[in-house]
Amino acid sequence: MKSVLNQALKNITSHEICTDPDQGLVVKLGELRKFVTSEFVFGDGARFLAGRYALNLGADRVLLVTDRGLMKTGFVDDVSSSLEEEGLDYVIFDDMTPNPRDHEVMEGAEVFDAEECNMIVALGGGSPIDCAKAMGAVVSNRMHVLDFEGVDMIPTPSVPIICIPTTAGTGADVSQFAIILDTRRMVKIAIISKAMVPDASLIDPETTVTMDRELTAATGMDALAHSIEAYVSNASFHLTDLNALDAIRIISRCLPSAVDEPGNMEYREGMMLASLEAGLAFSNASLGLVHAMAHSLGGKLDMAHGEANALLLEHVIEFNYPGATERYHEIARAMGLRGSGPAELIDYIREFRSGIGIDMTLEDLGVGEDDIPELAEASMKDPCIVTNPVRPSIEDVEAIFRRAL
Ligand SMILES: [Fe+2]
C-alpha cells in the first residue's frame, strides 16, 4: 500500500497531488485539516429511528422542536410515536417563524428548562433546526444566544441534539453553522462552532414530498449556492471538493425535475443527497460572498434565504470569476457545460433559476437603492466573506447589490 502511494507521489513536488490529470487541478497534502459532521442515517424511513437514537444518546425527556406548518403533516406524529415506542416522554415546541429570531431561541431554551428536558429532537427545515441548535448551546452554557456570534464562541458543548431535516437544501442537520436573527439590530448573525454540529441526523427523503414548488426551488438553490461557494472557498480541500462537485452534478440534473414532478421520489432522493453533500462541503470549507450578502438581505427584509442566494449567485460568480477561474471551469463541467468562459456559466445559472420559478429581481422583493449602503455594510461584517476567493471592497459589494436590483 505504501509503495503504491509512493509511486503516485513520485513526480509531485510541494506535497501536491493531481486529482484530475487532464485538468491539472491540484490539492495540497500534508496541511492540517479537520472534517466534522454529525453521525447520519440516510434513506427512506430514517425518521422512524428517532426514538432509538434518542434512547441511545441518553434521553429521559425530549424537547421536540418543529414549526407550525409541520404540525399539519403526519411527520410530527411519526417522530413522537417513535419516541413513545421507546418509552420516552416529550414536549413539543413549535413557536417559531421562518428566519428564527433570538427571542424564539431564548423562549425555547426556557421551555427546555421548565419541562426538565435533557435532549432536543429537531424536525423541519433550516429554521427549526438552526433554532434548536442555538437552544442547545443556550441551555448548556446559560448564556444569551447573541453572545455566540462568530467563530468558536460556544464554551461548553450543546445538550444532545438529533435532527430530522424536511427540506432538501439547508444542510443545517450536519453543519457547524446556525443563523439567527438579531431582532435589535435586524441583522442575521452566524454562529459557527463544532458545538453546533448535531449528534445525529436522520435524513429521510420521504419528508420532502410535502414541499411545494416554491420551497423546493428555493431550498434547492440554497444547496447549489452552498456547493459552489464551498468549492471556490479559500478553505476548500479534497474532501469538501468531492462533496461539492457531486452536489453540483446532482442538483443540475435533479432540481428542475423535482420542482416539476414533486411526487417523484427519485428526484427527491437526489436532492436530499445533494443537500447532504453540499452541507458536508460548506460546513468544512465555509461559504462566501453570496451567503454574506444573503444573510444581510435576510436580516433586513426577512426574505426566503434560498431566493436571496439564487438572485445573487450569478452576480457574485461574475465578480469572483477572475480570482477562481479554474474552479469555475470545474463547476461548469460538473453542470454539463462545454465552454470555458464566464458568460456561459452565468447565463446557465440565470436560466436555471428562472426555469424553476425564481425569476424576480431584488427590487421586486422590496429592496431599493437606498437600502444598499446598509446592506453592503452588514455583508462586510459577515464571517462568510472571509473565505470568498476574492476579497471585495464595500464599493464592490454595493455594485453587486445594484446589479441584482
Ligand atoms: Fe444557505
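Observations, loosely collected:
- Measuring nothing but how far apart in sequence close Cα pairs (under 8 Å, 6+ apart) lie, relative to its length, the stretch 251-305 scores a relative contact order of 22 percent.
- In the chain, the longest principal axis of the Cα atoms and the axis of helix 325-334 are about 70 degrees apart.
- When both the stretch 264-324 and the stretch 184-242 are represented by their alpha-carbon centers, they are found 7 Å apart.
- Net charge, residue 60 excluded, C-beta distance under 12 Å - Lys, Arg +1, Asp, Glu -1: -3
- For the chain, the longest site-free run once trypsin sites (Lys or Arg not before Pro) in DSSP loop states with at most 10 other Cβ atoms within 10 Å are removed: 185-337
- Expressed to the nearest 5 percent, the antiparallel share of DSSP beta bridges inside the stretch 92-196 is 45 percent.
- Candidates 375, 362, 245: whichever shows maximal mean-square fluctuation once the chain is modelled as a Gaussian network with Cα springs under 10 Å: 362
- Summarising the strand pairing of the chain, around 30 percent of its internal DSSP beta bridges are antiparallel.
- Rel. contact order, % - alpha carbon contacts under 8 angstrom, at least six apart, the chain: 15 percent
- Fraction of accessible area attributable to carbon and sulfur, the chain (%, probe 1.4 Å): 51 percent
- Heavy-atom surface of the stretch 263-405, accessible at 1.4 Å and reported per residue (Å²): 36 Å²
- On Cα atoms only, tilt of 372-381 relative to the major axis of the chain in degrees: 80 degrees
- Most mobile listed residue (210, 66, 387) in the chain, GNM with C-alpha springs under 10 Å: 210
- Lys pairs, the chain - Cα-Cα below 13 angstrom, 8 or more residues apart or on other chains: 5
- Crossing angle, helix 213-232 versus the chain [Cα axis fit, 0-90 degrees, rounded to tens]: 60 degrees
- Spin-label proximity, residue 212 to the stretch 357-391 - amide N less than 13 Å from point 7 Å beyond Cα toward beta carbon: none
- Relative contact order (%) - criterion: Cα under 8 Å, at least six apart; region: the stretch 181-274: 32 percent
- Around the amide H of residue 89, modelled in the peptide plane, lie the amide H atoms of 62, all under 5 Å away and 5 or more residues distant in sequence or on another chain.
- Share of alpha-carbon pairs per 20 Å distance bin for the chain, given as whole %: 29, 57, 14, 0
- 222 nm mean residue ellipticity, helices alone, for the chain (DSSP H n ≥ 4; -39,500 (n - 2.57); rounded to 500): -15500 deg cm²/dmol
The values are calculated or read from the model by the stated rules, or taken from the named source; none is laboratory data. Model, not experiment: these values are computed from the prediction. Here the Cβ is made from the backbone with ideal geometry for all residues, glycine too, and neighbour counts use every protein chain on show. When the accessible area is computed, the model is the full protein with side chains, heavy atoms only, and any ligands, DNA or RNA have been set aside. Shrake-Rupley method; radii C 1.70, N 1.55, O 1.52, S 1.80 Å.
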